[in-house]
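The values are calculated or read from the model by the stated rules, or taken from the named source; none is laboratory data. A quick note: this is a predicted structure, and the numbers were derived from the prediction, not measured. No Cβ is skipped: glycine too gets one built from the backbone with ideal geometry, and neighbour counts run over all protein chains shown.
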Amino acid sequence: MIAAQNKKWFYLLVLSIIWGTSYILIKKGLVGFTPLQLGSVRILLATLFLFLIGSKSLKTISKNEWKWIALSGFVGSFFPMFFFAYAETEIDSSIAAILNSLVPLFTLFVGLFAFGIQFSKNQLMGVLVGLIGALLLILFGSSINPEQNYWYASFVILATICYAGNANIIKSKLQDVSPMGIAVGNFAAISIPAFIVLLFSGVFKEEVTQGDYFYSSLGYIAILCLIGTCVAKVMFNRLVQMSSAVFSVSVTYLIPIVGIFWGVLDGENFTLKQLVAALLILFGVYLVNKKKTPIKASSS
């Protein structure tokens, strides 16, 4: 039991470092690619990497589980990859990392309304506190960086809702599928739509392939795919299975710290007001992880 607990926290720490670094890699990838190009290239490279190391794991997926694998792929990977790419064309990578902390809050609501999973009054308070923190972070950011369009932060919020849904899908419907099987199956399901997007994205035009930042941006995306998508995806699936949906997405406690570090290092502005708003979000996440009087989904 102790070993299992230690392993759970180890996964959480490693994932926070990997995913906290992902946002600056997306930012660097966008120097040479558009959001559609980055998202589709990222998905196809990740598909290639995952099939090279884990194609045999597809055997662990039953016929009835494929619908959930496909849904998990679109909700947990396909849409969020494009959402974050679009978001970071306007907002700083550090802000995207902080807003990602909303995942545990939305995980509760998705679990309640879609799967009937109970949560407590204390957790409901955490959701409200976290959302207030997110609103303040967006308002502060828009005043500090008036040249940035902070409506694009809504793309991050949509991505967090997607991640929340994915965590509940894995926990409720895919417990018997290996973590590698889920990851490979996810990308097998979304690779064809991603290829279609790539064909219409203009990535093969000469001004893109001959651009000054084409190869450097492609390198950042490759690192993002190999570590931030492939390795992290398998680790996250395993973490969900060995713990709970809410605990697994509490990796977002530490992601902002790593994201802010890389953002500041890259010259992004980050003020005391934004720090307070970020801490408010994390306090909300803390409340979410405390359990008291359960609130049940209405049967009416």
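Which condition number in (1) within 20 Å of residue 7 (Cβ to Cβ); (2) at pLDDT 90 or above; (3) not charged (D, E, K, R) is the one that residue 243 fails?
The failed condition is (2).
Pull out all pairs, ordered by first then second residue, where Cβ-Cβ is under 6 Å, the residues are six or more apart or on different chains, the first lies in the stretch 154-174 and is within 9 Å of residue 102 (Cβ to Cβ), and the second is among the β-branched types (Val, Ile, Thr) and surrounded by fewer than 24 Cβ atoms within 10 Å (Cβ to Cβ).
164/110
Would you confirm, using the coordinates I've provided, whether residue 181 is of a type in the set (Gly, Ala, Ser), crowded, with 20+ Cβ neighbours inside 10 Å and either under 18 Å from residue 164 (Cβ atoms) or touching a residue at least 60 places away in the same chain (Cβ under 8 Å) (or both)?
Yes; evaluated as a whole, the condition is true for this residue.
Among the residues in the stretch 126-143, are any on the phi > 0 side of the Ramachandran plot and of a type outside the set (Lys, Arg)?
no
If I ask for residues that are more than 24 Å from residue 19 (Cβ to Cβ) and modelled with pLDDT of 90 or more, which ones from the stretch 209-232 would you list?
Selection gives 215 alone.
Could you pull out the residue among 67, 27, 63 that is over 18 Å from the mean Cα position of the chain (by Cα) and either surrounded by 21 or more Cβ atoms within 10 Å (Cβ to Cβ) or modelled with pLDDT under 90 (or both)?
Within the list 67, 27, 63, the selection yields 63.
Let's see how each residue does on (1) crowded, with 17+ Cβ neighbours inside 10 Å; (2) in contact with a strand residue (DSSP E or B) (Cβ under 8 Å, 6 or more places away or on another chain); (3) closer than 23 Å to residue 139 by Cα; (4) touching a residue at least 60 places away in the same chain (Cβ under 8 Å):
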residue: 41; (1), (2), (3), (4): yes, no, no, yes
residue: 45; (1), (2), (3), (4): yes, no, no, yes
residue: 53; (1), (2), (3), (4): no, no, no, yes
residue: 73; (1), (2), (3), (4): yes, no, no, yes
residue: 76; (1), (2), (3), (4): yes, no, no, yes
residue: 97; (1), (2), (3), (4): yes, no, yes, yes
residue: 101; (1), (2), (3), (4): yes, no, yes, yes
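Could you tell me whether residue 132 is among the β-branched types (Val, Ile, Thr), modelled with pLDDT under 90 and in a loop (DSSP other than H, G, I, E, B)?
No; evaluated as a whole, the condition is false for this residue.
Checking the conditions here, which among 280, 275 is modelled with pLDDT of 80 or more and closer than 23 Å to residue 109 by Cβ?
When all the criteria are applied, what remains is 280.
Do you know which residues across the stretch 30-58 are of a type in the set (Phe, Trp, Tyr) and under 18 Å from the mean Cα position of the chain (by Cα)?
The answer is none; no residue qualifies.
Just checking, how many residues over the stretch 248-288 are farther than 23 Å from residue 125 by Cβ and not in a helix (DSSP H, G or I)?
Number satisfying all stated conditions: 6.
So residue 141 clears everything in (1) of a type outside the set (Phe, Trp, Tyr); (2) touching a Gly at 6+ places or on another chain (Cβ under 9 Å); (3) surrounded by 21 or more Cβ atoms within 10 Å (Cβ to Cβ) except one condition, right? Which one?
(2)
Return the residues of the stretch 141-173 that are among the hydrophobic types (A, V, I, L, M, F, W, C) and either assigned to a loop (DSSP other than H, G, I, E, B) or at pLDDT below 85 (or both); say none if nothing qualifies.
Selection gives 144, 167.
Quickly run through the stretch 10-24 and pick out the residues that are more than 15 Å from the chain's Cα centre (by Cα) and surrounded by 17 or more Cβ atoms within 10 Å (Cβ to Cβ).
11
Every residue, every condition in (1) crowded, with 20+ Cβ neighbours inside 10 Å; (2) hydroxyl-bearing (Ser, Thr, Tyr); (3) touching a Lys or Arg at 6+ places or on another chain (Cβ under 6 Å), yes or no:
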position	(1), (2), (3)
127	yes, no, no
137	yes, no, no
145	no, no, no
154	no, yes, no
164	yes, no, no
175	no, no, no
196	no, no, no
